[in-house]
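The values are calculated or read from the model by the stated rules, or taken from the named source; none is laboratory data. The structure presented is a predicted model; accordingly, all values stated were derived computationally and were not measured. Cβ coordinates were reconstructed from backbone atoms using ideal geometry, including for glycine residues, and neighbour counts include every protein chain displayed.
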Amino acid sequence: MSDPSSWTADGGGHEHYYLRHLQEANNTNAPTSSPTTQPGELWQMIYVGVVLLVMFALLISDKIGADMVMLAALTACMAGQIITVQQGVAGFANVAVLTVMVSSLGHVFAF
């Protein structure tokens, strides 16, 4: 292969060889089919979108505490099998998270 510094646009042909070589390389590495959305993924995307919209609306309205809204969104994702129960409760394994959760639940149920 020739030195790239000697490539000229004056009809030497080297730049055409280089461009053709790049195009062939791109064509051989291209996927054989375009990526498509699986039927199961579409309803999951719509479900999560609706959960997020409801969650944001509730957070903006400030009628329900943020902790309850987040917990409800997490529960909705677990109920819809977007995430597994193990994934959903894995974050609660941290002692700091448990402390905040217990204190906020104590505040909710206090008379």
Residue hits (region 76-91; in contact with a helix residue (DSSP H, G or I) (Cβ under 8 Å, 6 or more places away or on another chain) and loosely packed, with under 12 Cβ neighbours inside 10 Å) are Thr84, Val85, Gly91
Practice prompt. Kindly establish whether Ile64 is surrounded by 10 or more Cβ atoms within 10 Å (Cβ to Cβ) and within 30 Å of Gly40 (Cβ to Cβ).
Written response: no
Here the residues within region 76-101 that are touching a residue at least 24 places away in the same chain (Cβ under 8 Å), closer than 25 Å to Met45 by Cα and not in a loop (DSSP other than H, G, I, E, B) are Ala76, Cys77
The residue that is farthest from the chain's Cα centre (by Cα), considering only those in region 71-94 that are among the hydrophobic types (A, V, I, L, M, F, W, C) and at pLDDT below 85, is Ala93
